[in-house]
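The structure appears below as structure tokens.
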Amino acid sequence: MSTETRDRILKEATELYLSDGFDGFSMRALAKAVGVTAPALYRHYASKENVLHEIMGEAFRRLSTELYKSLSEPTPLERFRRAVSGYVDFALENPRLYEVLFVPATMMGDGELPESVQAQGCAVGQFFDDRVRECVSAGVLRDDDISPTMWAHTHGMVSLYLRGRMSARGIETEEDFRAIFEASTTRMLEGLGGPVIRSAESADEPGAAA
């Protein structure tokens, strides 16, 4: 199977699944959307569950690609912020794949994801934990128990924006969202900051240098 064909199958399968749900999703409908015969599709995928699991695996792969870009940054804080930015980039550039990532396994057939897909999800979580942990070691953050808090903040804001729930606040464009998200992330970091951030804030206070 060519990369182009695979990408087309995954794109059409994502749309079908999100519009019709698991029960409404069929290999026959997918074959028709892609422009191939059902037998041709079955040569590559044994079932619709296999297709859906590959969609989730592809979503994790693309997300990981964005996250790993942060490793080129020189400091723990910059790596952390670049990882968060990469998460947002993935979500805004791939909103349908982002949505699939948070579909419960019970809504994808037998209720259990393949070990390979589970491992990809665990790797993403571990990556964020590592970024937080090195920030704690550098004195940027207070403790390493805040990883779920920071993830919930990021996921919550992204989800609200993608569902159009921020328009009432005048946040209509991606540029609007990125600006308010960056400001909110800065406030979170300042509130959860360790001695390095607190020292920097003190130095910025009027009269601190006197």
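The values are calculated or read from the model by the stated rules, or taken from the named source; none is laboratory data. Note that the structure is a prediction, hence the values are computed from the model and not measured. FYI the Cβ positions are ideal-geometry reconstructions off the backbone, even for glycines, and counts take in every protein chain you see. SASA here: full protein model, heavy atoms, side chains in, ligands and nucleic acids out. Shrake-Rupley method; radii C 1.70, N 1.55, O 1.52, S 1.80 Å.
Scanning region 68-89 for residues that are assigned to a helix (DSSP H, G or I) and among the β-branched types (Val, Ile, Thr) yields 84, 88.
Of all residues in region 121-142, those being of a type outside the set (Ser, Thr, Tyr), open to solvent by 60 Å² or more (accessible area, probe 1.4 Å) and either part of a helix (DSSP H, G or I) or free of Cβ contacts under 8 Å to residues at least 24 places away in the same chain (or both) number 3. Within region 67-83, the set of residues being of a type in the set (Ser, Thr, Tyr) and either without any contact (Cβ under 8 Å) to a residue 12 or more places away in the chain or under 25 Å from residue 7 (Cα atoms) (or both) comprises 68, 72. Residues in region 26-67 that are in a helix (DSSP H, G or I) and open to solvent by 60 Å² or more (accessible area, probe 1.4 Å): 28, 32, 39, 42, 50, 61, 62, 65.
When residue 86 is tested against (1) touching a residue at least 60 places away in the same chain (Cβ under 8 Å); (2) open to solvent by less than 20 Å² (accessible area, probe 1.4 Å); (3) closer than 30 Å to residue 12 by Cβ; (4) of a type in the set (Gly, Ala, Ser), exactly one condition is not met: (1).
Exactly one residue among 111, 164, 156 is modelled with pLDDT under 90 and not hydroxyl-bearing (Ser, Thr, Tyr), and that residue is 111. If you check residue 8 against the conditions, is it within 30 Å of residue 161 (Cα to Cα), open to solvent by 60 Å² or more (accessible area, probe 1.4 Å), part of a helix (DSSP H, G or I) and touching a residue at least 12 places away in the same chain (Cβ under 8 Å)? Spelling it out, residue 8 is indeed within 30 Å of residue 161 (Cα to Cα), open to solvent by 60 Å² or more (accessible area, probe 1.4 Å), part of a helix (DSSP H, G or I) and touching a residue at least 12 places away in the same chain (Cβ under 8 Å).
Scanning region 160-197 for residues that are touching an Asp or Glu at 6+ places or on another chain (Cβ under 9 Å) and surrounded by 12 or more Cβ atoms within 10 Å (Cβ to Cβ), we see that the one that is nearest to residue 92 (Cα to Cα) is 162. Return yes or no: is residue 51 touching a Ser or Thr at 6+ places or on another chain (Cβ under 9 Å) and aliphatic (A, V, I, L, M)? The answer is no for residue 51.
Only residues that are assigned to a helix (DSSP H, G or I) and within 16 Å of the chain's Cα centre (by Cα) were counted in region 147-173, giving 16. Counting only residues that are out of contact with any Gly (no Cβ under 7 Å at 6 or more places or on another chain) and either within 20 Å of residue 194 (Cα to Cα) or of a type in the set (Asp, Glu) (or both), region 79-137 holds 21 of them.
Give the residues of region 150-159 that are open to solvent by 50 Å² or more (accessible area, probe 1.4 Å) and in contact with a helix residue (DSSP H, G or I) (Cβ under 8 Å, 6 or more places away or on another chain), sorted by residue number.
Residue satisfying the conditions is 151 alone.
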